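J.: I am attaching a structure below and will ask some questions about it afterwards.
The values are calculated or read from the model by the stated rules, or taken from the named source; none is laboratory data. In this text the structure is predicted, and so the values were computed from the model without any measurement. Cβ placement follows ideal geometry from the backbone for every residue including glycine, while neighbour counts extend to all protein chains displayed. Just the protein is used for accessible areas: all its heavy atoms, side chains included, with ligands, DNA and RNA removed. Shrake-Rupley method; radii C 1.70, N 1.55, O 1.52, S 1.80 Å.
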Amino acid sequence: LAADDRPVVYVSFGSFLSARADVLVTVLDALRPLGFRVAVATGSATGLPDVPRDWLMRPYLPQVALLHRAALLVTHGGNNSVTEALTVGVPMVVLPFSTDQFAGAAAIEAAGLGTALDPNTVTSADMSAAVRAVLDGPAPHLARTIGEGLRRAPGRDVARAALLG
């Protein structure tokens, strides 16, 4: 990924619901013509197409390290992924699958930190348009600003101070 200066898009649906090969295929198809470097954590998904040689695709990747290089995270919207992306200052395209992911996706969209798409109906064209809209809009700046604040006052420190009074 350090071979050139093109922006990196990191794709991960976490460790629990990562078997959604159908959604990963749509995301890969959408990203292929956009000219980004791409890192994809496939989890247990199988039957995925070949990707360009300059993409990194493995079952598991070091998410926090990759987020430090990423311009965008394509995620399921799980709490850990959202927290890690925001702490680093990375905007998101969220494809929520279950539970708290729907609320997280709505909050990300409401805060202008990215956009949410329905993983069950998203098309490659929808995904491409969402990636471009997020990267070309205010989300990268807003995410960087939030990241700076979270790094200055991490949530664990704020919670500890609140508990100790």
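J.: On the accessible surface of segment 43-156, probed at 1.4 Å, how many percent belong to carbon and sulfur atoms?
T.: Summing carbon and sulfur atoms, their accessible area is 57 percent of the total for segment 43-156.
J.: For helix 101-110, report the angle its Cα long axis makes with the longest principal axis of the Cα atoms of the chain; keep it between 0 and 90° and round to the nearest 10°.
T.: The angle comes out near 80 degrees.
J.: Under a plain spin-label model, where a point goes 7 Å from the Cα along Cα-to-Cβ, how far apart in nm are ASP54 and THR121?
T.: A separation of 3.6 nm, rounded to one decimal place.
J.: Over the Cα atoms of segment 1-64, what is the Rg over Rh ratio if Rh follows Kirkwood?
T.: Ratio of gyration radius to Kirkwood radius for segment 1-64: 0.94.
J.: Nearest 10 degrees, 0 to 90: what angle lies between the long axis of helix 21-31 and the longest principal axis of the chain (Cα atoms)?
T.: 90 degrees
J.: A further question follows. Counting only C-alpha contacts under 8 Å and six or more residues apart, can you give the relative contact order of the chain as a whole percent?
T.: Worked out over the chain, it gives 21 percent.
J.: Can I ask one more? If you count only protein heavy atoms with a 1.4 Å probe, what accessible area per residue comes out for segment 60-148, rounded to a whole Å²?
T.: Accessible surface, normalised per residue, equals 43 Å².
J.: Using Cα pairs under 8 angstrom and six or more residues apart, how large is the relative contact order of segment 1-71, in percent?
T.: 40 percent
J.: Right, next: So what is the accessible area of segment 1-54 per residue, in Å², with the probe set to 1.4 Å?
T.: That works out to 46 Å² per residue.
J.: So how tilted is helix 155-164 from the main axis of the chain? Cα-based, degrees 0 to 90, rounded to 10.
T.: Roughly 30 degrees between the two axes.
J.: Add -39500 (n - 2.57) for each DSSP H run of 4 or more in the chain, then divide by its residues: what number comes out at 222 nm, to the nearest 500 deg cm²/dmol? Numbers along the way, then the final one.
T.: Working: 7 runs with 73 residues, N = 165.
Result for the chain, helices only: -13000 deg cm²/dmol.
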